[in-house]
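Structure first, then comments.
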Amino acid sequence: MSAATGMEGPRIVIAGGGLAGLSLALALKKALGDGIGVVMCDPALRRDPHGDKRSYAIAAAARRMLTALGTWDQIADKAQPILDMVITDSRLQDPVRPTFLTFAGEVDGHEPFAHMITAGDLTAALLEACRENGVDLRPEGVKGFAVQGAHTEIALANGESLPASLLVAADGARSRLREQAGIGWISWPYNQSGIVATIAHERDHEGRAVEHFLPSGPFAILPLKPELQADGNLRHRSSIVWTERADNVPALLDSAPDDLLVELERRFGLQLGKIAFETRPQAFPLSFGVARSFVGERLALLGDAAHVIHPIAGQGLNLGLHDAAALAEIITDALRLGMDPGAADVLDQYERARRADITAMGLMTDGLNRLFSNDVLPVRLIRDLGLGLVDRMPGLKRFFIREAAGLRADEAPRLLRGEAL
């Protein structure tokens, strides 16, 4: 034990117990075992994770990562593969929504390009795996930190002080740790909110995802695993991500349940029969944001603390899991070479590994939202022509589906290729 730091070997502290932080913690312990101490700090660890009914699309690369970490088998029966995808572009009042673009849902070897799963199920599986692998889970928040040469001293909300080689800020888009480190944040609002809910419907979705591009923003219908009811019948379910102009949202959510259901039906359509809200709709303001640097002195930003993008492509969580895969690999390789995981040259590798990918995804989603969230006739004609051309080009469609699956480059982190660290 170092007298200067009070640590036995390197210690990584992760502030924030979301899916990216949990994945990083598990990846480090699976790779290094007792060779590293991993502490996760978050007051949310006191809550039952199954209470989180939000749903996420897990891209194929992220699923390979979860398989390599040994958690996918625990949740595979709760995950719904996306078997195909349909894209339409219309006005809300149009009687017909023509299909402009379709995608088969498979990539290499008939692997689904994405699965839908609830956040609660995935969080519970990762938490259990973290406990089994020796992650120190502490239901305390991180108040701040002070770098002291070869370590950083981390102040917890309960008054405890914890030395660490590296602090990972995974504390969300409004990261206090990022602010304390003096790292700038470039952002702009979209004047849109995302309304999310789980919908029950009469007919089977058959694994199809649908995205309607409407003037106020995209409306996505994402298939969820059916639930077996007490009477032996299946309850068919989907998740919606309803993008709406921000000034319309309060009136929508404050309206009577039957009135809100009518507004939902106008967007959802009748293809799945009678529909009903299974969970209470919740709205979240949408914005773009990216940190000027993903690292500071003995500090690395992870997930939403580093970047926030529009949900139009469903890539927000997958970007965070990519962060976790990259940072876990860099830390693991550094420690195996006897290097300090919090040293500037090690953290610079993380900055270089993530900057281009995040910038490209942020610009793409920003551009798509600006292109499709309007009702300018010449723009509509051009974009619909473009969608139709893509639909007739199998090679280009394969490229886009691999992009959506996260299978973009051979130099992707090993975990995203399904390889152990």
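Just so it is clear, none of the values below were taken in a lab; they were calculated from the coordinates. Bear in mind that the values here come from a model prediction, so they are computed numbers and not experimental data. Here the Cβ positions follow ideal geometry from the backbone for every residue, glycine too, while neighbour counts run over all protein chains shown.
Kindly point out which whole DSSP H helices in the chain project their C-alpha atoms 18 angstrom or further along the helix axis while averaging a Kyte-Doolittle hydropathy of 0.0 or above. Walk me through the numbers on the way to the answer.
Numbers: long enough: 19-32 (20 Å, 1.50); 119-132 (20 Å, 0.36); 316-336 (31 Å, 0.66); 344-372 (41 Å, -0.29); 377-391 (21 Å, 0.90).
Flagged H segments are 19-32, 119-132, 316-336, 377-391.
Under the Kirkwood approximation applied to all pairs of distinct alpha-carbon atoms, what is the hydrodynamic radius of the range 33-120 in Å? Mind dumping the intermediate values first?
Details: mean 1/r = 0.0613 Å⁻¹.
Here the Kirkwood hydrodynamic radius works out to 16.3 Å.
If each Cα of the range 4-80 is one equal point scatterer, what is log10 of I(q)/I(0) from the Debye formula at q = 0.11, 0.25 Å⁻¹?
Normalising to I(0) and taking log10 leaves -0.36, -1.32.
Mind computing the radius of gyration and Dmax over the alpha-carbon atoms of the range 188-326? Å is fine for both.
Spelled out, the Cα radius of gyration and Dmax of the range 188-326 are 17.6, 58 Å.
For a protection proxy built on the mean count of beta-carbon atoms within 10 angstrom, sort 87-93, 168-174, 270-276 highest first, please.
Peptide ranking by packing, descending: 168-174, 87-93, 270-276.
Which whole-angstrom value gives the distance between the alpha carbon centres of the range 260-299 and the range 350-374?
After rounding, the separation between the Cα centres reads 18 Å.
Taking a temperature of 25 °C and a viscosity of 0.890 mPa s, what whole-number D in µm²/s does Stokes-Einstein yield for the range 283-342 with Rh from Kirkwood over alpha carbon pairs? Please list the in-between numbers first.
Details: Rh = 13.0 Å.
In µm²/s, the coefficient rounds to 189.
Just to be sure I understand: with springs between alpha-carbon atoms less than 10 Å apart, which residue in Asn191, Asn369, Asn233 has the highest mean-square fluctuation in the Gaussian network model of the chain?
Comparing Asn191, Asn369, Asn233 in the GNM, the peak value goes to Asn233.
Where does the chain land at 222 nm, in deg cm²/dmol rounded to the nearest 500, when only DSSP H runs of n ≥ 4 count, each adding -39500 (n - 2.57), divided by all residues?
Working: 11 runs with 141 residues, N = 421.
Per the formula, -10500 deg cm²/dmol.
Give or take rounding to whole Å, what are the principal axis extents of the alpha carbon atoms in the range 33-78, in descending order?
Sorted largest first, the three principal extents are 30, 29, 16 Å.
Please work out the Cα center distance from the range 171-195 to the range 218-243, rounded to the nearest Å.
31 Å
When you have a sec, figure out the Kirkwood radius of the range 134-175 from all distinct Cα pair distances and drop it here in Å to one decimal? Don't skip to the answer; put the middle values down first.
Numbers: mean 1/r = 0.0893 Å⁻¹.
About 11.2 Å, per the Kirkwood formula over Cα pairs.
Give the whole-number value, in cubic angstrom per residue, of the convex hull volume spanned by the C-alpha atoms of the range 222-294.
Values: hull volume 11.0 nm³, N = 73.
It comes to 151 Å³ per residue, whole-number rounded.
For a test of the definition: using alpha carbon positions, the gyration tensor, and the 1.5 limit on a/c, classify the range 346-421 as rounded, prolate or oblate.
Since a/c reaches 1.5 but b/c is at least a/b, the shape of the range 346-421 is classed as oblate.
Determine the dipole magnitude for the chain: charges of +1 sit on the beta-carbon of Lys and Arg, -1 on that of Asp and Glu, nothing else is charged, the reference point is the Cα centre, and the result goes in debye to the nearest 20.
Charge dipole of the chain: 460 debye, to the nearest 20.
State the Kirkwood hydrodynamic radius of the range 89-246 in Å, one decimal place, computed from all pairs of distinct Cα atoms.
On the way: mean 1/r = 0.0485 Å⁻¹.
That comes to 20.6 Å for the range 89-246.
Write down the Å³ per residue value for the convex hull defined by the alpha carbon atoms of the range 216-259.
Values: hull volume 4.1 nm³, N = 44.
Output value, Cα hull per residue: 93 Å³.
Rank Ala360, Gln93, His110 by how far each Cα sits towards the positive end of the charge dipole of the chain (+1 on Lys, Arg Cβ; -1 on Asp, Glu Cβ) and give me just the farthest.
Towards the positive end, the residue furthest out is Gln93.
With just the Cα atoms defining each centre, how far is the range 13-53 from the range 68-143? Give it in Å.
So the two Cα centres are separated by 19 Å.
Any lysines with Cα under 26 Å of the Lys78 Cα? List them, leaving off those in the same chain fewer than 8 positions away.
Result set, ordered by chain and number: Lys29, Lys30, Lys53, Lys225, Lys274.
Over the range 139-232, how many percent of alpha carbon pairs lie in each 10 Å bin up to the one with the longest distance?
11, 26, 17, 20, 21, 6, 0
Express the Stokes-Einstein translational diffusion coefficient of the range 71-177 in µm² s⁻¹, to the nearest whole number, given a Kirkwood radius over alpha-carbon pairs, 37 °C and a viscosity of 0.692 mPa s. Before the final figure, lay out the partial values.
Working: Rh = 18.7 Å.
The Stokes-Einstein estimate is 175 µm²/s.
Taking the dipole about the Cα centre of the range 102-248, with the C-beta of Lys and Arg at +1 and of Asp and Glu at -1, give me whichever of Ala125, Ala246, Val135 is farthest to the positive side.
Toward the positive end, the furthest listed residue is Ala246.
Quick check on the range 168-211: what are the equivalent-ellipsoid semi-axes from the Cα gyration tensor, as sqrt(5λ), descending, whole Å?
Values: eigenvalues 284, 40, 19 Å².
Semi-axis lengths for the range 168-211 are 38, 14, 10 Å.
Could you size up the charge dipole of the range 117-198 around its Cα centre, putting +1 on the beta carbon of Lys and Arg and -1 on that of Asp and Glu, and report it in debye to the nearest 20?
Using only the charged Cβ atoms, the result is roughly 300 debye.
At 1.002 mPa s and 20 °C, plugging the Kirkwood radius over alpha-carbon pairs of the chain into Stokes-Einstein gives what diffusion coefficient in µm²/s? Please report the intermediate quantities before stating the final value.
Working: Rh = 22.5 Å.
After rounding, the answer is 95 µm²/s.
State the volume of the convex hull built on the alpha-carbon positions of the range 250-360, expressed per residue in Å³ and rounded to an integer. If you can, show how the numbers build up before the last one.
Details: hull volume 16.7 nm³, N = 111.
Each residue corresponds to 150 Å³ of Cα convex hull volume.
In whole angstrom, how long is each semi-axis of the equivalent ellipsoid of the range 289-421, when you take the square root of 5 times every eigenvalue of its Cα gyration tensor and sort them from largest down? Mind dumping the intermediate values first?
On the way: eigenvalues 240, 63, 17 Å².
Those come to 35, 18, 9 Å.
With the Cα gyration tensor of the range 121-190 in hand, convert its eigenvalues to equivalent ellipsoid semi-axes via √(5λ) and list them largest first in whole Å.
Numbers: eigenvalues 112, 85, 23 Å².
Ellipsoid half-lengths, sorted descending, are 24, 21, 11 Å.
Roughly what % antiparallel, to the nearest 5, for the DSSP beta bridges in the chain?
Here the share of antiparallel DSSP bridges comes out near 75 percent.
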